[in-house]
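Trainee: Got a structure for you, written out below as structure tokens; questions coming shortly.
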Amino acid sequence: MIHSSENHVKSEISFTVNGEQRVVRASSMERLLDVLRGQLGLTGAKEGCGEGECGSCSVLMNGSLVNSCLVPVLQAEDANIVTIEGLAQEAQLHALQEAFLECGGAQCGICTPGMILAAAHLLSKKPDPTLEEIREGLSGNLCRCTGYVQIFEAVARAVRRAEIASFS
Amino acid sequence: MRSDPRDYELIAPGNLRTVVELLSRSPGEWLPIAGGTDIMVQYAAGKLPSRKLVSVWNLPELRSIEVLPEEIRVGAGSTYTDIREHEVIAREFSMLARAASWTGGIANQNRGTIGGNIVNASPAADSLPALLAYDAQLILVSVRGERRIPYAAFHTGYKEMRLAPDELIKTISLPRKFSGYVCHSRKVGSRNAQAISKVCMAALGRVAVTGPSETIEDARIALGSVAPVPLRLGETERIVNGKIIDESLVRLARKIAIAEIKPIDDIRSTAKYRAAVAGNLVAEFLNLLADTKGMNRVLARWNNAPGDTAEAQILPCCGSKRWAHEMAVRRPFNDEAALILASDETWRNLDEADWIEAFNSHPRIGETKRQGETHNSDAWSRPEQEKVTETGNAAKIALAEGNRAYEEKFGRIFIVCATGKSAPEILEILQRRLRNDAANELQEAAEQQRQITQLRLRKWLQG
């Protein structure tokens, strides 16, 4: 049986985005990426490839890095979502964001939100990663501008700063 | 063309029973979707055959890893991340953990599931050769009950499998019978992450010492991306089992392996290249077995040493006698990764007194004489403190003063993983840690000792 588009029922799906409880009306198979961008106006997550190869749509779902282009929104029900918009505390940028700025870790900007969230996910699991671990942690996020070196430097700089901050 | 979400229906019953009942009511109508890393790609491309989907993502019945005495039961809904981070899998089924780490990138590993990987049935899937080599069994579930079949019998042709329309894979069972085997797995592709393999292999086997010469026992070689299904090289295995590895056997095995596979030309590679690589990988595995370097020589000898000898040999890597004892008890280890994992786990579970014993086996930083009398780790400490000992007098004095202040405050010597760190860097760390409270400082010192032990184990294995 094929459901016709005309009598399709949208459902109410609720989840937390960047600390705020949100309820959206959406088709269950809509991509989380489209709901975030289209309905909630959170355009930080970008659509690159649309098939989980590039990481530019990365968000954190219950603390776990995911490609939001591959998440049907129904599977995000009751989840805790963090997008790049939720990383800074008011006017205070996240240490990773600061470090990306300082190191030239962002150029055209398409990959940057995903890169920073992938780095945040890495640091949540490994607060003191080696360069190899940084490279692996970001290996699902493609960048066509920087050549990656500045990005890895930015993550390493944020790590050093966090270490100093947590002990001072 | 992109799909219109309004043409599709996704439901999420939240428990396995309801899903299985739904599948049985109208077999073939509902397509199970787990983490969506394959299905959502087909959906985006407008190539998804089914309009009705049922979510099996995060079902508690499917997402558990159970360690039993005879087998490990991996829930089909376990993600690659669940698998690569599981300590027993990493230790006993390291090729599966490695394959999980090669799959996609971190985001795909957080969502992709082992069950999904099996039913997606890509001949190039990285984890499937490991399942073949390890003799995995599948437990399938439907309203009719559960049945168990060997994974080797599951895939029957390209994307064809022995799964009834009302069935789901519930569990992947890994028999715990490969301790002491040498394993070798490889992914050959453009890069590890986000690139599908041109050829991948998981192989294990044992070398038995029968008489004066070493012969191969129970070689198990599985390849991906060289046939319509992941392939176990049964002929090649038969040829090599019971034989002494020499050049002519390796040549023959390479030839048989190439004859056994059915590679194709596609966008990623050519049949010719795949055949050459497959032959090389088989030869590489046999050569590893031959010089038993697949198992590190130091490790192989240590695995077979009597208990007290083994304890004495490994003790200088850490300094705690209980750590050394438990490591010896946990033998045999297949490889460095397994050894290090066990070391970390053992170390974290020790008592404070054991930690202190290890700390006291070190010389003060900047000095070369150890504190405790448990054993001699001075030989290890000298190269580790190399950058420190290059230091001038002023810094040496500052370090000595810092050490004294530390010992006064915490009642033991200051432990830091000194490898690669200069005296000023260490001084800075020392001054910061002087401000810790006792509990935090104990944890921090223990973490430093864990890193030191890791480095020493690695060096030790290098012989």
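FYI, it's all coordinate maths here, none of it is from the lab. Because the structure is a prediction, the values reported are computed rather than measured. Quick reminder, even Gly has a Cβ in these numbers, built from the backbone with ideal geometry, and neighbours come from all protein chains shown.
Trainee: Of B:340, B:208, B:239, which is farthest towards the positive pole of chain B's charge dipole, taken about the Cα centre with +1 and -1 on the beta-carbons of Lys, Arg and Asp, Glu respectively?
Mentor: Projecting each Cα onto the dipole axis, the largest value belongs to B:239.
Trainee: Which loop-located GluC sites (Glu not before Pro) does the range B:1-110 contain, where loop means any DSSP state but H, G, I, E or B and the Cβ has at most 10 other Cβ atoms within 10 Å?
Mentor: Answer in residue order: B:70.
Trainee: A follow-up question, please. Would you work out which of A:41, A:96, A:19 lies farthest towards the positive end of the dipole of chain A, given +1 charges on the beta-carbon of Lys and Arg and -1 on that of Asp and Glu, about the Cα centre?
Mentor: A:96
Trainee: Right, next: Give the peptides B:182-191, B:166-175 in descending order of average Cβ contacts within 10 Å, highest first.
Mentor: B:166-175, B:182-191
Trainee: What does the charge dipole of the range B:83-201 about its Cα centre add up to, to the nearest 20 debye, if the Cβ of each Lys and Arg holds +1 and the Cβ of each Asp and Glu holds -1?
Mentor: Using Cβ point charges on Lys, Arg, Asp and Glu, the range B:83-201 gives about 200 debye.
Trainee: Let me ask something else. Binning at 10 Å from 0, report for the protein assembly as shown what percent of all alpha-carbon pair distances ends up in each bin.
Mentor: 3, 14, 21, 24, 21, 12, 4, 1, 0
Trainee: What distance in nm separates the two pseudo spin-label positions at residue B:47 and residue B:206, each 7 Å out from Cα along the beta-carbon direction?
Mentor: The answer from the label model is 4.4 nm.
Trainee: Can I ask one more? Given axes a ≥ b ≥ c from the Cα gyration tensor, I'd like to know whether the range B:182-290 is rounded (a/c under 1.5), prolate (a/b larger than b/c) or oblate.
Mentor: Prolate.
Trainee: Using only alpha carbon pairs under 8 Å that are at least six residues apart, calculate the relative contact order of the range B:182-290 and give it in whole percent.
Mentor: Dividing the mean separation by the residue count of the range B:182-290 yields 24 percent.
Trainee: Using just the Cα positions, wrap the range B:300-461 in a convex hull and report its mean projected area in square nanometres, one decimal place.
Mentor: For the range B:300-461, averaging the hull's shadow over all directions gives 8.8 nm².
Trainee: Here's another thing I want to ask about it. Per 0.36 nm of contour for each residue apart, how much would the distance between residue B:447 and residue B:246 grow if the chain were fully extended, relative to their Cα-Cα spacing?
Mentor: Stretched out fully, the residue B:447 to residue B:246 stretch lengthens by 67.8 nm.
Trainee: Find which of A:129, A:106, A:82 sits farthest along the positive direction of the dipole of the range A:1-133, computed with +1 on the beta-carbon of Lys and Arg, -1 on that of Asp and Glu, about the Cα centre.
Mentor: A:82
Trainee: Using the basic label-point model (7 angstrom from Cα toward the beta carbon), what is the residue B:88 to residue A:16 distance in nanometres?
Mentor: So the two model labels end up 3.3 nm from each other.
Trainee: To the nearest 20 debye, what is the magnitude of the charge dipole of chain B about its Cα centre, counting +1 on the Cβ of each Lys and Arg and -1 on the Cβ of each Asp and Glu?
Mentor: The calculated dipole for chain B is roughly 1180 debye.
Trainee: Within the range A:61-168, which trypsin sites (Lys or Arg not before Pro) sit in a loop by DSSP and count at most 16 neighbouring Cβ atoms inside 10 Å?
Mentor: For trypsin sites (Lys or Arg not before Pro) across the range A:61-168 that sit outside H, G, I, E and B with at most 16 neighbouring Cβ atoms in 10 Å, the list reads A:144.
Trainee: Averaged over peptide A:137-143, how many Cβ atoms belonging to another chain are found within 10 Å of each residue's Cβ?
Mentor: 4
Trainee: Can you tell me how much longer the chain between residue B:270 and residue B:349 gets when fully stretched, taken as 0.36 nm per residue apart minus their C-alpha distance, in nm with one decimal?
Mentor: Separation in residues times 0.36 nm, less the Cα-Cα distance, equals 23.4 nm.
Trainee: Quick check: the distance between the Cα centres of the range B:2-23 and the range A:123-168, to the nearest angstrom?
Mentor: 38
Trainee: Which of B:201, B:40 has the fewest other C-beta atoms within 10 Å, and how do the rest follow up to the most?
Mentor: In order of increasing Cβ crowding within 10 Å: B:40, B:201.
Trainee: For the range B:388-441 and the range B:221-261, compute the distance between their C-alpha centroids and round to whole Å.
Mentor: So the two Cα centres are separated by 56 Å.
Trainee: For Cα pairs less than 8 Å apart in space and 6+ apart in sequence, what is the mean separation divided by the residue count of chain B, i.e. the relative contact order in percent?
Mentor: The value is 10 percent.
Trainee: Amide H neighbours of residue A:139 under 5 Å, at least 5 residues apart or on other chains, H built in the peptide plane: list them.
Mentor: Those lying under 5 Å, H to H, from residue A:139 are B:106.
Trainee: One-quarter of the Cα convex hull surface for the range B:1-179, in nm²?
Mentor: Result: a mean projected hull area of 10.0 nm².
Trainee: Find the relative contact order for the range A:95-167 and round it to a whole percent, using C-alpha pairs within less than 8 Å whose residues are 6+ positions apart.
Mentor: 49
Trainee: Treat every Asp and Glu Cβ in the range A:95-167 as -1 and every Lys and Arg Cβ as +1, leave all other atoms uncharged, and give the resulting dipole magnitude about the Cα centre to the nearest 20 debye.
Mentor: For this selection, approximately 100 debye.
Trainee: Considering only Cα-Cα distances, which of the following residue pairs are longer than 19 Å: B:177/B:243; B:159/B:262; B:187/B:272; B:177/B:459; A:10/B:52?
Mentor: Exceeds cut-off: B:177/B:243; B:177/B:459.
Trainee: At 222 nm, what helix-only mean residue ellipticity would chain B give, in deg cm²/dmol to the nearest 500, using -39500 (n - 2.57) for each DSSP H run of four or more?
Mentor: Mean residue ellipticity, 222 nm, calculated: -13000 deg cm²/dmol.
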